[in-house]
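For reference, the structure discussed in these notes is given below.
The values are calculated or read from the model by the stated rules, or taken from the named source; none is laboratory data. Keep in mind it's a predicted model, so treat the numbers as computed, not measured. Here Cβ is always computed from backbone atoms with ideal geometry, including for glycine, and neighbour counts include all displayed protein chains.
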Amino acid sequence: MIIDIERLPRKGLEISRDFEFLSVDLVEENAVFFEPVHVEATVKKIGEEIAIKGRITTRLSFNCCRCLVPFEFPIDSRFDLVYLPEELEEIKEELDSEDMSRLFYYNRKIDLREIILEQLNLTFPVKPLCSENCQGICPVCGKIIKGGECSCVSNKSDPRLDKLKIFIRDKR
């Protein structure tokens, strides 16, 4: 959805619609959409600045990083962005901390679909987990460890620590 800045009403623009994205558009490789991304947003022109406030809601499926089991991940995120015209963008050799938060629109248009996709990707966890206390997969048998210990016993120690064990044993 392209927003033409010249045609933006004085009172602003209220948007309430669903956006369909492909899973390949997301930064999380194994994410799958359960439903379209619903967006409630307002776009207002304040001088040359364009203020976009909104809320994104959807449900996705991620694979847990520890046990690899798919789980549902609901998203309910708010955003508040301000865009400046490209003419105000200065060519600089070095960025200031203030420049890091600036966003620009080009050719007097803003692609709302791109903004929604970016904001959606920013809501994803770095390591998706089905639960905080997920134990993951047993390194011996490969079964998913749920609610306790696996029945496998691993007596193997890390061979890199053998010299340290000898050192500690000799010190006693």
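Hand me the list of strands (runs of 3 or more DSSP E) wholly inside the range 65-172 holding 1 or more residues that are modelled with pLDDT under 75. Walk me through how you get there before you give the answer.
Numbers: elements: 70-85, 103-105, 109-111.
Of the strands (runs of 3 or more DSSP E) lying wholly inside the range 65-172, those with at least 1 residues that are modelled with pLDDT under 75 span 103-105.
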Residues of the range 1-36 being exposed (fewer than 14 other Cβ atoms within 10 Å of the Cβ), of a type in the set (A, V, I, L, M, F, W, C) and assigned to a helix (DSSP H, G or I), in sequence order, are Val24
Checking Pro36 against (1) closer than 27 Å to Leu68 by Cα; (2) over 19 Å from the mean Cα position of the chain (by Cα), only one condition comes out false. Which one? (2)
Take Val39 and decide whether it is assigned to a strand (DSSP E or B), in contact with a helix residue (DSSP H, G or I) (Cβ under 6 Å, 6 or more places away or on another chain) and either small (Gly, Ala, Ser) or touching a residue at least 12 places away in the same chain (Cβ under 8 Å) (or both). yes
